Amino acid sequence: MTFNRPLKFLAALLAAVSVASLLSVAVTKKSYSESYPAVVCPPTLAGLSSQISLSSKKTPFQRLQNRTTKTAPVKFLRLPVMKDSLVISSEGSTPIVWQSRSGSWAGGALCTGPQASQWFAGGSADITTKGRLIVINSGLSDAVVDIQAFTENGKQPLKPINVYSKSYVTIPIDSLAPGDKTLAVHVLPRSGRINAFMIDEQGKGLRALGGDFVNSAAAPSKSVVIAAIPNQKSKKGSKNTAAAHVLRLLAPGDVDANVTAEVISADGVFIPVGLNSRTVSAGIVTEIDFSPNISATAFALRITSNEPVIASVQSTVISNGRKDFTWSTASPELAPLTLAITGLTPVIIFTGTEINVSLDVTLINGKVIREQIRGSDLAIWRAPATARSFTITKVGGSTYAGGLVSSVNGYGFFPVAPGSQLTKIELPDSNIRVLNP
């Protein structure tokens, strides 16, 4: 009896401690804040005009070089931009910027959130180029960015640049590799909230040769899908009625790549002559001309490689009787997203083995139309002229998409992809023990 009481007391004490621990665990929970990072649109350089398509007039924005954090509603579904780069809190709806030079060219690009790495396969550094690389720092601290160029002559010297907070730097792309013809550029921030945009504009003397945005890819890949490539045939009576395209490739690693490219069109899936098991030398930008003999006005290209590569296709087009060119770049695998398309009326090309995509199209008057896109290999959908945005609500696996737009001044491409990804941040839990230890 003498020993039972201490043992019972000890057992009760242990039980109380165990129950308290269990209750403590039970009431502990974590809370999170979810948001979409603000996206950045490129500035309007001298001689260009620019409009940004938005899905709501209440979307908040601020000018990049405004030192305050105050925002204002855009008040327009298609916002003209005279000069400054804009920072837009679009909350999951990706704005599209459309820039042009009157009577010369036009092109489109996605406004995007901060990027950890961007690869551009396009542009030239020879005497015909008037292209620019625009590097934007939308953060509140200065940034250091490494710019690595590759050409047909190999890897070029690394070019580090400083970008002051809430400002941008414009770099002529012929300064990255003077005199070289084919160009690929890697933009890698060491610090800062960085976005980069490339404009490829070409001319010979006073004669304009066209231009376009070169949209970026996040990283090299062994499987690249370029979902939307325009295919305008030459006029009858010419020696070659097939449209001219140039596939640009870079294997940035240390090992040569073995590359095969398949054309996917309404006429079928096939490998054009010259695009089967081509060797691409490591670090060397390679171009391959091809002219698929197809009747379709647009097609996709699926590229497979044993080493990661960057790829794009330059296509010659005619817009309002003027010669222009378009850079079609890689698209990521399709997922639910919203793109703002006010004033653009794009043709969206979907590619995949089994295409099954559900769309909600919001019109300017607020009405929502539901569409179902089904097909095999390739499916084409034209947005209504009065559409201000479309939302992909459901999509099957291994499906990709890109958009083609024809305007008064030229022809352009944009990938169907989200401008920013939803981020989740853990919030600190309040604890009364902080005040009463």
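Some points to look at:
- Gyration tensor verdict on the chain (Cα atoms; rounded if a/c is under 1.5, prolate if a/b is larger than b/c, oblate otherwise): prolate
- The chain: calculated mean residue ellipticity at 222 nm from DSSP helix runs of at least 4, using -39500 (n - 2.57): -2000 deg cm²/dmol
- Diffusion coefficient of segment 249-358 by Stokes-Einstein, Kirkwood radius over Cα pairs, 25 °C, 0.890 mPa s: 152 µm²/s.
- Cα coordinate range in segment 82-230, projected on the principal axes (Å, largest first): 40, 35, 35
- Per residue, the convex hull volume that the Cα atoms of segment 367-411 enclose (Å³): 99 Å³
- Ligands, DNA and RNA are left out, and with a 1.4 angstrom probe the accessible area of the chain is 47 Å² per residue.
- The Cα trace of segment 87-126 gives Rg and Dmax of 13.6, 40 Å, the first to one decimal, the second as a whole number.
- Rounded to 10°, Cα long-axis angle of helix 4-27 versus longest principal axis of the chain: 30 degrees
- Sequence-distant residues sharing a close amide H with T94 (under 5 Å, placed H): T338, L339, A340, G419
- Residue (of A125, A296, F197) at the positive-pole extreme of the chain, dipole from beta-carbon charges: F197
- Placing unit charges on each Cβ (+1 for Lys and Arg, -1 for Asp and Glu) gives segment 353-427 a dipole about its Cα centre, and among A401, V416, T362 the Cα reaching farthest toward its positive end belongs to T362.
- Within the chain: Cβ-based charge dipole about Cα centre, in debye rounded to nearest 20 (Lys, Arg +1; Asp, Glu -1): 1360 debye
- Which of T69, T286, V313, positive extreme of dipole for the chain (C-beta unit charges): T69
- Computed over the alpha carbons of segment 338-398, Rg followed by Dmax gives 11.5, 35 Å.
- In terms of overall dimensions, the C-alpha atoms belonging to segment 133-213 reach 41, 27, 15 Å along their principal axes, ordered largest to smallest.
- Carbon and sulfur %, accessible surface of the chain computed with the full protein complex present, 1.4 Å: 55 percent
- With contacts taken as Cα pairs under 8 Å and at least 6 residues apart, segment 114-172 reaches a relative contact order of 38 percent.
- Phi to ³J(HN,Hα) by Karplus 6.51 cos²θ - 1.76 cosθ + 1.60 over segment 188-195, Hz, x for Gly, Pro: 10, x, 8, 7, x, 9, 10, 10
- Segment 111-174 and segment 299-376: distance between their alpha carbon centers, rounded to Å: 25 Å
- Normalised contact order of segment 164-225, rounded percent, pairs of Cα under 8 Å and 6 or more residues apart: 19 percent
- Sequentially through segment 381-386, phi angles give Karplus couplings (6.51, -1.76, 1.60; θ = phi - 60°) of 10, 9, 5, x, 4, 9 Hz, Gly and Pro residues having no value and appearing as x.
- Cα Rg over Rh - segment 252-305, Kirkwood: 1.03
- Annotation: amide H-H contacts under 5 Å for V317 (H modelled 1.01 Å from N, sequence separation of 5 or more, or interchain): D324, F325, T326.
The values are calculated or read from the model by the stated rules, or taken from the named source; none is laboratory data. Just so it is clear, the model here is predicted, and its values are computed rather than measured. Please note: Cβ atoms are built from the backbone with ideal geometry, for glycine as well, and neighbour counts cover all protein chains shown. Quick note on the areas: whole protein, heavy atoms, side chains included, nothing else; ligands and nucleic acids left out. Shrake-Rupley method; radii C 1.70, N 1.55, O 1.52, S 1.80 Å.
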